[in-house]
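Below you'll find the structure, written out as structure tokens, and then a few comments.
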Amino acid sequence: MKKMSYTCENRVAKITLDDGKMNVMNWDFFRELDESLDKAQSDGAGALILTGRPGVFSAGLDLKLLPTQSVTEQLRFQREFAETMLRLYLFPIPTIAAYAGHAVAGGAILSFACDRLVVGDGPYIIQINEVANKMVLPSWITLICRSSIPQGYWKEALLHSRAYSPVEAFERGIVDDLVPEGEDVLEAAGKVASRFLKLDGAAYAASKNNLRREEAAQAMNAFYKELVDWILGGRGRS
């Protein structure tokens, strides 16, 4: 079963996550997301919107898959996770996460990897819950999260696993645009995308690369040491 669909219209690409459930991340998820990002580039898209099914953006990594993996498989899977999220974080066109639903763990990380976050109000949570679930936050995850979470909230969001409602996230500057409950989140995201299309694409890509490339490379250089120490130390999985 496919995990997502892709469309491109008027130079705005759209990736819709919808596995009929919680949009969990596994090998197929990462493969399809990479393929969709390839299509956005080959189509010459000037902006990209990521959205989810009603009520759910993503609940993060597939927790049924993780316990079945050997240490070697865990490292391969975690590297695929990191490389896919960092590809989006460094993606050369403006990216918008737009959803009215839950974004937890890897789902929140996916949305924070985007350049702008448009969220519909409602009974949903946005949460980086790894520490609460006895999981380590490697440098690459904290890099992505810190790009969206203002410094004054790093402790409560990352170390204390605070769950935010859309309103609470907006009040803290984590969410850029809050859409009133029941209104069209994709319509709001489309207006943001239209503004992004007016930017110079080459200048945007180069500036984004200059802003983020070096720290992303440093975070990946620490990848194996951080995760091998954690996994082989028997402390849990990231």
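The values are calculated or read from the model by the stated rules, or taken from the named source; none is laboratory data. Small disclaimer: the values here were computed from a predicted structure and weren't measured. Using ideal geometry, Cβ is built from the backbone for each residue, glycine included, and neighbour counts are taken over all protein chains shown.
Working carefully through the options 104, 24, 12, find the one that is buried (at least 20 other Cβ atoms within 10 Å of the Cβ), β-branched (Val, Ile, Thr) and closer than 30 Å to residue 198 by Cα.
That would be 12, the only listed residue that is buried (at least 20 other Cβ atoms within 10 Å of the Cβ), β-branched (Val, Ile, Thr) and closer than 30 Å to residue 198 by Cα.
Got a sec? Which of 70, 58, 36 is hydroxyl-bearing (Ser, Thr, Tyr), over 15 Å from residue 24 (Cα atoms) and at pLDDT 95 or above? Working first, answer last.
Values: 70 fails: at pLDDT 95 or above; 58 fails: over 15 Å from residue 24 (Cα atoms).
Just a single option satisfies the conditions, and that option is 36.
Name the residues in segment 37-57 that are under 16 Å from the mean Cα position of the chain (by Cα) and closer than 21 Å to residue 102 by Cβ, would you?
Of everything in segment 37-57, those that are under 16 Å from the mean Cα position of the chain (by Cα) and closer than 21 Å to residue 102 by Cβ turn out to be 49, 50, 51, 52, 53, 56, 57.
Can you pull out the residues in segment 58-95 that are hydroxyl-bearing (Ser, Thr, Tyr), under 11 Å from the mean Cα position of the chain (by Cα) and either in a helix (DSSP H, G or I) or surrounded by fewer than 16 Cβ atoms within 10 Å (Cβ to Cβ) (or both)?
Listed by number, the residues that qualify are 84, 89.
Which residues, taken from segment 126-137, are assigned to a loop (DSSP other than H, G, I, E, B) and either without any contact (Cβ under 8 Å) to a residue 40 or more places away in the chain or within 15 Å of the chain's Cα centre (by Cα) (or both)? Reasoning before the result, please.
From segment 126-137, those assigned to a loop (DSSP other than H, G, I, E, B) are 128-130, 134-137; that's our starting set.
Selection gives 128, 129, 130, 137.
Rundown of residues vs (1) part of a loop (DSSP other than H, G, I, E, B); (2) closer than 22 Å to residue 207 by Cβ; (3) touching a strand residue (DSSP E or B) at 6+ places or on another chain (Cβ under 7 Å), yes/no style:
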{"site": "97", "(1), (2), (3)": "no, yes, yes"}
{"site": "117", "(1), (2), (3)": "no, yes, yes"}
{"site": "124", "(1), (2), (3)": "yes, no, yes"}
{"site": "144", "(1), (2), (3)": "no, yes, no"}
{"site": "152", "(1), (2), (3)": "no, no, no"}
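Would you check if there is a residue in segment 31-39 being closer than 23 Å to residue 127 by Cα and touching a His at 6+ places or on another chain (Cβ under 7 Å)?
Within segment 31-39 (the criterion being closer than 23 Å to residue 127 by Cα and touching a His at 6+ places or on another chain (Cβ under 7 Å)), the answer is no, since none of the residues qualifies.
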